[in-house]
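A quick write-up on the structure given underneath.
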Amino acid sequence: MSESSDDRKWLDAHFDPVAGLYTFSSCLDLAELSGDGESQLVVGDLGSGSSGMKLKVYRGTALVSESSLLDLPAGLVAFFMDLHEPRIPAVAVASGPCVYVYKNLRPYFKFTLPGLEVNTLEQDVWQQAREGQIDPLTLKEMLEGIRKKADVPLSFCSLQFLSLDASDMDEFVQLHKQQPIRRQTVITCIGTLKKSTADEDGVSCLVIGTESSDIFVLDPEAFIILAKMSLPATPTMMDVTGQFDVEFRIMVACRDGNIYILRRESDKPKYCIELTSHPVGLVRVGKSVVVGCTDESLQGFTQKGKKLWRIVLPAPITTMASMDLPSRGFQAVLVGLANCEVQLYRDKNLLSTIKTPDVVSSICFGRYGREDGTLIMTTKGGGLMVKILKRTAAFEDRDSAPGPPLAQSIRLNVPKKTKLYVDQTLRERENGLAMHRAFQMDLSRLRLAAAKTYVKALESSLTPVSSSLSEPLKMNAVVQGLGPSFKLTLNIQNTATCRPVMNLAISFLYDESLYQMRSPYMRIPLLVPGLIYPVETFVECTSDKGISDIIKVFVLHEGRNCPLLTAHINMPVSEGLKLH
């Protein structure tokens, strides 16, 4: 398999095609379980589906721990359940109706979901069977009638009895008739919710979704139910953010094809995202949510359910996971596809594509060992792949989808409308014609005043640039010195293309009680076009009162009574004393 430019961003750290790991992304997590600074991989292995379910822990490339599970794992999370030192997280495995908590890789606690309400008619029917009043065939008919009409579903025992053949019913009744009828739900998904602080090692509550369409929040120390919320359908995936004691948000994807959003103040969903097809992946990236659907599409939504974008993928989605690199400020979504590819998306833009030798069934990204950017994948055939993101890797947005440019999808930070803004809008709407006329009148007056001032400046030559076409001149002045003696330099330039200017003179007008000049009148030699001619003179400040004034400079032409140029020089205050 040839190495593409996207594959060069990753280092192939490990690949074991016969690792025998059969799991999903919900049963993978990375956690520092030994307290030595190295993160380990925790896997809930499904085994064959009916046997061989195990909790496995990998360190580097080696399997370091293995514990048997009684039922298929529905989810697995690592969380901090207390503030004890050293800060080592516990592992919670959701399996059947129970949550098994492991601390230091040893069984620590088992939490069982509370039982559900049992149908009273079902209990009466089984009581009659215990007393021998009805035979197994009559029991089956009565249970089928209850299942069709009753609001409360039948228990697992009754459902199992209805699936048996007539020859096995009598033996089943004899075996179970003395046991009480219980109805027990099972866990479908599990997550964590920070208790009171958002610290990385803060104490977290467990959030559990059940087959009975309920969400439970468990206390991390006493393992009692802190909150219970109801959903319209059975949850399959969830994403949790916030703190339980402050404010939190739980986004739950359900079997009815919708995503429901739960908040702290309500036990019912606050918002609902209706999808066109069933979700297969739910990942939160910043303040938006990315959902993968069975129609081979990837969609982005806000936290309140507003749709932002939608793209079509080249193959069905097998799994999804978030890629978060806080050290680089980088967040994206990893999408495993059925065509043996893992694609990396930031919003709707494809950043990278990773080719895999088999279809990927689960993905996990995070710190593994001592490497922050580690990508762990398991394949449909049971293989284990570990890739490390190179420190020099850079991802660029490649917006291949047709439509508007990428910059158009960036939301502007529009401020909220204030009362003053609303009042001003109403006033403009009511008096729009009068306001427009007043504006046009003021604009016309401004233009007239500017034109008059410009004509006056041209007529009196008050500008440092000549308006004459025959003698196009430009002048600037530089004052040097601290006082009382100043050096005044005038830089004069003929801006004509080929015609020289001659017969010019410079005259100074100043307050003779403040200043004295050695040469108040000077003649200027012929000015060649393009060259700058410095004209220097000295100014003496005769006052010791610490005041200054303006010296006016006139560039004159022989035989004319109007100057070609005029400049006003603001003299600085003399800081020295005149020596006698």
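Please indicate, with yes or no, whether at least one residue in the range 130-148 is over 30 Å from residue 87 (Cα atoms) and part of a strand (DSSP E or B).
No.
Just name the residue that is nearest to residue 102 (Cα to Cα) out of those in the range 35-59 that are surrounded by fewer than 21 Cβ atoms within 10 Å (Cβ to Cβ) and small (Gly, Ala, Ser).
Among those residues, the one meeting the criterion is 35.
Just to check your reading of the model, which residue among 90, 62 is open to solvent by 20 Å² or more (accessible area, probe 1.4 Å) and either out of contact with any Ser or Thr (no Cβ under 6 Å at 6 or more places or on another chain) or within 21 Å of residue 381 (Cα to Cα) (or both)?
When all the criteria are applied, what remains is 62.
Sort out which residues of the range 480-514 are open to solvent by 50 Å² or more (accessible area, probe 1.4 Å) and part of a strand (DSSP E or B), and write them in order of number.
480, 485, 487, 509
Please find, within the range 1-20, the residue that is modelled with the highest pLDDT out of those that are open to solvent by 50 Å² or more (accessible area, probe 1.4 Å), more than 17 Å from residue 379 (Cβ to Cβ) and not polar (S, T, N, Q).
11
Tell me, please, whether a residue that is under 22 Å from residue 195 (Cβ atoms) and either without any contact (Cβ under 8 Å) to a residue 24 or more places away in the chain or outside any strand (DSSP E or B) (or both) can be found in the range 255-263.
Yes, the range 255-263 has at least one match.
Looking only at the range 250-272, which residues are open to solvent by less than 40 Å² (accessible area, probe 1.4 Å) and among the aromatic types (Phe, Trp, Tyr)?
Passing the criteria: only 260.
Do you know which residues across the range 155-203 are small (Gly, Ala, Ser), within 28 Å of residue 73 (Cα to Cα) and in a helix (DSSP H, G or I)?
Correct list: 158 only.
Of the residues that sit in the range 182-207 and are of a type in the set (A, V, I, L, M, F, W, C) and open to solvent by 20 Å² or more (accessible area, probe 1.4 Å), which one is farthest from residue 240 (Cα to Cα)?
The residue in question is 186.
Which of the residues spanning the range 217-236 are open to solvent by less than 40 Å² (accessible area, probe 1.4 Å) and closer than 20 Å to residue 108 by Cα?
Hits for the range 217-236 are 217, 218, 219, 220, 223.
So which residues in the range 303-325 are at pLDDT below 90 and either open to solvent by less than 20 Å² (accessible area, probe 1.4 Å) or at positive phi (or both)?
Scanning the range 303-325 gives 305, 325.
If you check every pair at least six apart or on different chains, which have Cβ atoms under 7 Å apart with a residue in the range 136-147 that is of a type in the set (Asp, Glu) first and a residue that is assigned to a helix (DSSP H, G or I) and modelled with pLDDT of 80 or more second?
So the pair list comes out as 144/162.
Keeping to the range 343-396, report how many residues are open to solvent by less than 20 Å² (accessible area, probe 1.4 Å) and in a loop (DSSP other than H, G, I, E, B).
Qualifying residue count for the region: 4.
Can you spot a residue in the range 220-231 that is within 24 Å of residue 292 (Cβ to Cβ), over 25 Å from the mean Cα position of the chain (by Cα) and at pLDDT 90 or above?
yes
Can you work out which of the residues in the range 273-295 that are open to solvent by less than 60 Å² (accessible area, probe 1.4 Å) and free of Cβ contacts under 8 Å to residues at least 40 places away in the same chain is farthest from residue 338 (Cα to Cα)?
If we take residues in the range 273-295 being open to solvent by less than 60 Å² (accessible area, probe 1.4 Å) and free of Cβ contacts under 8 Å to residues at least 40 places away in the same chain, then 273 is farthest from residue 338 (Cα to Cα).
Given the criteria touching a Lys or Arg at 6+ places or on another chain (Cβ under 8 Å), surrounded by 16 or more Cβ atoms within 10 Å (Cβ to Cβ) and farther than 19 Å from residue 191 by Cα, does residue 118 qualify?
yes
Just checking, does the range 534-541 include any residue being in contact with a strand residue (DSSP E or B) (Cβ under 8 Å, 6 or more places away or on another chain), open to solvent by 30 Å² or more (accessible area, probe 1.4 Å) and farther than 30 Å from residue 497 by Cα?
Within the range 534-541 (the criterion being in contact with a strand residue (DSSP E or B) (Cβ under 8 Å, 6 or more places away or on another chain), open to solvent by 30 Å² or more (accessible area, probe 1.4 Å) and farther than 30 Å from residue 497 by Cα), the answer is yes, since at least one residue qualifies.
What's the number of the only condition in (1) free of Cβ contacts under 8 Å to residues at least 24 places away in the same chain; (2) touching a Cys at 6+ places or on another chain (Cβ under 9 Å); (3) of a type in the set (D, E, K, R) that residue 182 fails to meet?
Every condition holds for residue 182 apart from (1).
Yes or no: residue 242 within 23 Å of the chain's Cα centre (by Cα) and among the small types (Gly, Ala, Ser)?
Considered against the rule, which asks whether it is within 23 Å of the chain's Cα centre (by Cα) and among the small types (Gly, Ala, Ser), residue 242 comes out as yes.
Which residues, counting only those in the range 59-100, are in a strand (DSSP E or B) and in contact with a Pro (Cβ under 8 Å, 6 or more places away or on another chain)?
67, 78, 79, 80, 93, 94, 95, 100 - these are the residues of the range 59-100 that are in a strand (DSSP E or B) and in contact with a Pro (Cβ under 8 Å, 6 or more places away or on another chain).
The values are calculated or read from the model by the stated rules, or taken from the named source; none is laboratory data. None of these values were measured; they are calculated from a predicted model. We place every Cβ from the backbone using ideal geometry, glycine too, and count neighbours over all the protein chains shown. Areas reflect the complete protein model, heavy atoms only, side chains present, ligands, DNA and RNA absent. Shrake-Rupley method; radii C 1.70, N 1.55, O 1.52, S 1.80 Å.
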